[in-house]
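Read through the structure below, which is laid out as structure tokens, and then see the notes.
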Amino acid sequence: MDRRPDFRAREIDRALTATVLDTAYADGQLTFDEHRLRSERARVAVTLRDLRRLVSDLQIEIDLPEPAPRTVEPKNRLLLALGSVVVVAVTLVVFLTTRNGEEPVPASAVVASTTTSRVVPTVTMDLPVDVIPIVARPFVFDTTAGLDDFRERYVERFGSSQVLEVFIQLNNNRADVYRPTAEGRRERVFVAGGFEVGLDTEAPDTDDATFDWATIDSAVLAGLVAGAPDAVAVPNSVVEYIMITETRGNQRISISTSNEDAQGGRVEADFAGNIVSVR
């Protein structure tokens, strides 16, 4: 990770960092609030440097895999190959037209034709008449209708609105839903154009509780999202993420905002939409 910390983080990098944070919390290096805050930041980290900052003071080794170096064909070699093709084409056209007694075609015309025209093959595919193409409906996370649709599609897919956490990243237009498994473990569902269940599960925090997602009014949540920039007194900020949890018996909707100058704040409300704190 030290070689190129400016590489953009991947999902596997964020997952590895989250595992380290969980371990640090389990052995007492992090408090509950520190673990929660760092875990939130790990989920929205953009670069490997962002992830390193979250674990640099911990007594746990973490080795985030480096992306494979990309190989780029030197521009000079590509230009040389292109030039060779053009020269051969010009020579061939001039030779053929001269041999047949025709006026030679100007070289400039051959070059222009060779370098600007492309033949793009088209492939047609005949679908059976009874096949209907499926077009994925995008998720919308900041309107009443969009939030209702998100929840309804989740419940239709998994058959229950009982969840441990709903985490929405508006800046990336994606979400994570954590749900309890039959064995009582914590399972992550990735939401980005569809639903994808994570391969690994983890033991839930002792302070976390399952809540009924259906008890939250989407209109109330959409109103909190729309009013968050003004509530934190940074009207030009935008909502980055929304987190819905129940911890230690407290039901919380946490909405964080930020702008290009890293100014923003957080609004916390209960499930009824009553604002309990603004930071």
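Bear in mind these aren't lab numbers, they're just calculated from the coordinates by the rules spelled out. Keep in mind that what you see is a predicted model, and the values were worked out from it rather than measured. With ideal geometry, Cβ positions are generated from the backbone for all residues, glycine too; neighbour counts draw on all protein chains shown.
Collect the residues in the stretch 9-64 that are of a type in the set (Lys, Arg) and over 21 Å from Phe190 (Cα atoms), keeping them in residue-number order.
Within the stretch 9-64, Arg49, Arg52, Arg53 qualify.
Can you tell me which condition Asp230 does not meet? The list is (1) farther than 18 Å from Ala18 by Cβ; (2) in contact (Cβ under 8 Å) with a residue 12 or more places away in the chain, and all the others hold.
(2)
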